[in-house]
Amino acid sequence: MNSLLSEKPAILGGVPAFPEGPPEWPFPDLAINQVLQQAQQTGDWGRYHGPCSGQLQNKLADLHQAEQAILCSSGTAAVELALRGLGIGPGDEVILAAYDFEGNFKNIATVGATPVLVDVAADNFNLDLNLLEQAITESTKGILVSHLHGGLVSMQRLTSIAKQYEIPVIEDACQVPGARIEDQIAGSWGEIGILSFGGSKLLTAGRGGAVLTRSPQIAQRIRLYSHRGNEAYPLTELQAGLLLPQLEMLETRNQIRQKHVDTLLTQLGNDSGLIAFRNQQLSSQTVSTPGYYKLGFLYQPAAFSGLSRDLFCQSMQAEGIAVYPGFRALHAIHSRRRYRKTGALNVATECDHNLIVLHHPVLLTSEANMATIAAAVFRIAEFAEEILNSADSGQA
Ligand SMILES: *Cc1c(COP(=O)(O)O)cnc(C)c1O
């Protein structure tokens, strides 16, 4: 047994598993220093466009077998541009998972269309393809699908349903750059793929995003929409420069994250009280490797003496581990008048209550840290009743 388990959890005054707290992101990086220095010397930091923007566009397009990579100011802006590029507007419906990034719901509403919520699958808490067809109507003009928290949606199956009904797909790969789904890179399956370069994301320029597409018509519509005499949603030359070296490291870093996730899941075992994501619906004839912007688990309060999810997260944070509640389910935070739904959305409701996520930077550190994270979980389980009692008496 790990020696950590003999001590009290940090939330009860014990020594934190990581006294220095979670690692800061992005990590210090020589290649980034060079980009910054060079941008200063050339003056490119002050320019609208330059060689880096062009290179980044080409590299992203190549990587995703897209003809066009349109750089923009955020993943959220990219989703809006995608909807505009498909000409989606008032009277139209767009299908998305009831557990998803809130901005996706808001973007659909922003263009005047109606979000149609579909429940998520019980194994990986992403869009449940068994429920997709019953959500489709004459008004469906798009399917917006994300891959979240280590889960992947079978894009083979999704795109074959979408083709049958002639509905364009927007694949939101903001959390999984470089992930592979059924032999093909994430963000390359739909009519449009979306990337984010936000500050906390796996590829970061502080802000930024990209729209990927093979369709010249869609790209043209997006360019027309975003040009207002100048670009309304730009990514700067400096940001593009910062992303280039990260793109080179992406594959290696994804492999390290995967290896450490495997270790962590092994350390946790099957009855830690945290249910891991599984991707059972992917075609078994193909290779898939998820992305880990966040690693998700379904939290089981019963395994922690009824400790609430929030108190569990606070206990982990006290250990110096970046664990947080997941997204709110979209039907839980939006008025019933603002969306349509199919079915009861029970799994999404469960996610709303009990999903937790581990933020990614620690996954790039050491194998030993994975054992320490697992030990912290066990220690919190062991002391759960004491944590509850001290919370009741207002101490924790
Ligand atoms: C982060 C994120 C976005 C939005 O990206 P920003 O660059 O932060 O606007 C969209 N979808 C998903 C799934 C995300 O995780």
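Taken together, the values in this text are just the output of simple stated rules run on the coordinates, not laboratory data. What you see is a predicted model; the values in this text were computed from it and never measured. Please note: Cβ atoms are built from the backbone with ideal geometry, for glycine as well, and neighbour counts cover all protein chains shown.
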Cβ-Cβ FRET estimate between Q37 and K59, R0 fixed at 25 Å, reported to 0.05: 0.70
Viscosity 1.002 mPa s, 20 °C: Kirkwood-radius Stokes-Einstein D of segment 1-94 over Cα pairs, µm²/s: 114
Ellipsoid equivalent to segment 82-131 - semi-axes via the Cα gyration tensor, in Å: 22, 10, 8
Calculated from backbone phi, Karplus (6.51, -1.76, 1.60) coupling profile of segment 41-47 in Hz, x at Gly/Pro: 5, 7, x, 5, 4, x, 9
Highest-MSF residue in the chain out of Q314, Q164, Q65 [GNM, Cα springs under 10 Å]: Q164
Most positive-pole-ward Cα, V261, H49, V153, against dipole of the chain from beta carbon charges: H49
Folded to 0 to 90 degrees: helix 216-226 orientation relative to the chain principal axis, Cα: 80
Efficiency of FRET from Cβ geometry, R223 and N389, R₀ 56 Å, rounded to 0.05: 0.40
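Could you compute the net charge surrounding R379? Neighbours are other residues with a C-beta less than 14 Å from the C-beta of R379; K and R count +1, D and E count -1.
Details: positive: K8; negative: E7, E319, E382, E385, E386.
Residues close to R379 contribute a combined charge of -4.
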Stokes-Einstein D for segment 220-343, Kirkwood Rh over Cα pairs, 25 °C, 0.890 mPa s (µm²/s): 127
Net +/- balance of residues flanking I275 in space, Cβ distance below 11 Å, scoring K and R +1, D and E -1: -2
Relative contact order [Cα under 8 Å, 6+ residues apart], segment 30-246, whole percent: 29
Residue-averaged [θ]222 nm for the chain, counting only DSSP H segments that reach four residues, each worth -39500 (n - 2.57): -11500 deg cm²/dmol
GNM top mover of A332, A162, A205 - the chain, alpha-carbon springs below 10 Å: A332
In degrees, nearest ten, helix 237-268 long axis to first principal axis of the chain (Cα): 40
Tail weight of P(r) past 28 Å, computed on alpha-carbon pairs of segment 30-246, percent: 26
Candidates H227, H64, H353, ranked by Gaussian network fluctuation over the chain, Cα under 10 Å, top entry: H227
Label point distance in nm, V287-D123, each placed 7 Å from Cα along Cα→Cβ: 2.1
In degrees, nearest ten, helix 367-382 long axis to first principal axis of the chain (Cα): 60
Mean Cα-pair separation over length for the chain, i.e. relative contact order, pairs under 8 Å, 6 or more apart, %: 25
Cα Rg over Rh - segment 263-326, Kirkwood: 1.03
Tensor-based shape of the chain (alpha-carbon gyration tensor, a/c under 1.5 rounded, otherwise prolate or oblate): oblate
